[in-house]
Amino acid sequence: MNPKSIELQSRYLANNSNLIGEKQKLTTTEQSDSYEQAHRQYHPYLRDMTNINKFYDIFIIDPANGNIVYSVYKEVDFATSLQTGPYTDSNLASLFQQLKDSNDPQAIAFADYKQYSPSYNAPASFIGKPIVVDGKTIAILAAQLSIEDVNSIMKERGGLGISSPIMVQRTERGPSDGVGPGCSDIVNLATHS
């Protein structure tokens, strides 16, 4: 990791007095640089958007080098590079690769569920889009989907009757797997696929 990455991880992870899993509570540090000023201004809004939309996390990624320049929850992937860092084989890195060269403001990418080590090896999927200004991508905005919230939606049985299965398409594995009577839930599908 470069010195700036180490400094940001020290500031927002190591020196953050909030417990693991609660690092998002820190809005401001004792620093006064431009990063801190931007964090102080935008972090409360992005934290609220994460909660309102039931995302696990929101990321801002530099398209030039894959650096995760912002994360709401500040797990160990924060301030690392998806091009050269420890998570280059992750599905978040796959999402980054899909979007890094796009200058299309309508582009959207999805990375399917896969174990994601920065999130305690829980299954994670990601959606994202480029942030395009004057025809040039200046950042990639990505959201990590909460598997628990997707699972609760898939288990919603309202209006389906007792025997109607809900199908989950697994794009990389071929046939669909079901969620419903006699079927595993999506957490088991993602964890054991």
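The values are calculated or read from the model by the stated rules, or taken from the named source; none is laboratory data. Keep in mind the model is a prediction, meaning the values are calculated, not measured. Note that we place each Cβ from the backbone using ideal geometry, even for glycine, and neighbour counts take in every protein chain shown. These accessible areas exclude ligands, DNA and RNA; they are computed on the full protein's heavy atoms, side chains included. Shrake-Rupley method; radii C 1.70, N 1.55, O 1.52, S 1.80 Å.
In this structure, is S152 of a type outside the set (D, E, K, R), at pLDDT below 95 and over 15 Å from the mean Cα position of the chain (by Cα)? Explain how you work it out, then say what you get.
Working: of a type outside the set (D, E, K, R): yes; at pLDDT below 95: yes; over 15 Å from the mean Cα position of the chain (by Cα): yes.
It is true that S152 is of a type outside the set (D, E, K, R), at pLDDT below 95 and over 15 Å from the mean Cα position of the chain (by Cα).
Just wondering, is there one or more residues in region 17-25 that are closer than 26 Å to D101 by Cβ and buried (at least 20 other Cβ atoms within 10 Å of the Cβ)?
Of region 17-25, the ones closer than 26 Å to D101 by Cβ are none.
Checked region 17-25: no residue is closer than 26 Å to D101 by Cβ and buried (at least 20 other Cβ atoms within 10 Å of the Cβ).
Taking region 1-16 as the region of interest, how many residues are open to solvent by 100 Å² or more (accessible area, probe 1.4 Å) and farther than 24 Å from T84 by Cβ?
Here the count works out to 1.
Please give the number of the condition D112 fails out of (1) over 15 Å from I58 (Cβ atoms); (2) free of Cβ contacts under 8 Å to residues at least 40 places away in the same chain; (3) open to solvent by 20 Å² or more (accessible area, probe 1.4 Å); (4) not aliphatic (A, V, I, L, M).
(2)
For Y45, state whether it is assigned to a helix (DSSP H, G or I), open to solvent by 80 Å² or more (accessible area, probe 1.4 Å) and either under 19 Å from A122 (Cβ atoms) or not acidic (D, E) (or both).
Working: assigned to a helix (DSSP H, G or I): yes; open to solvent by 80 Å² or more (accessible area, probe 1.4 Å): yes; either under 19 Å from A122 (Cβ atoms) or not acidic (D, E) (or both): yes.
It is true that Y45 is assigned to a helix (DSSP H, G or I), open to solvent by 80 Å² or more (accessible area, probe 1.4 Å) and either under 19 Å from A122 (Cβ atoms) or not acidic (D, E) (or both).
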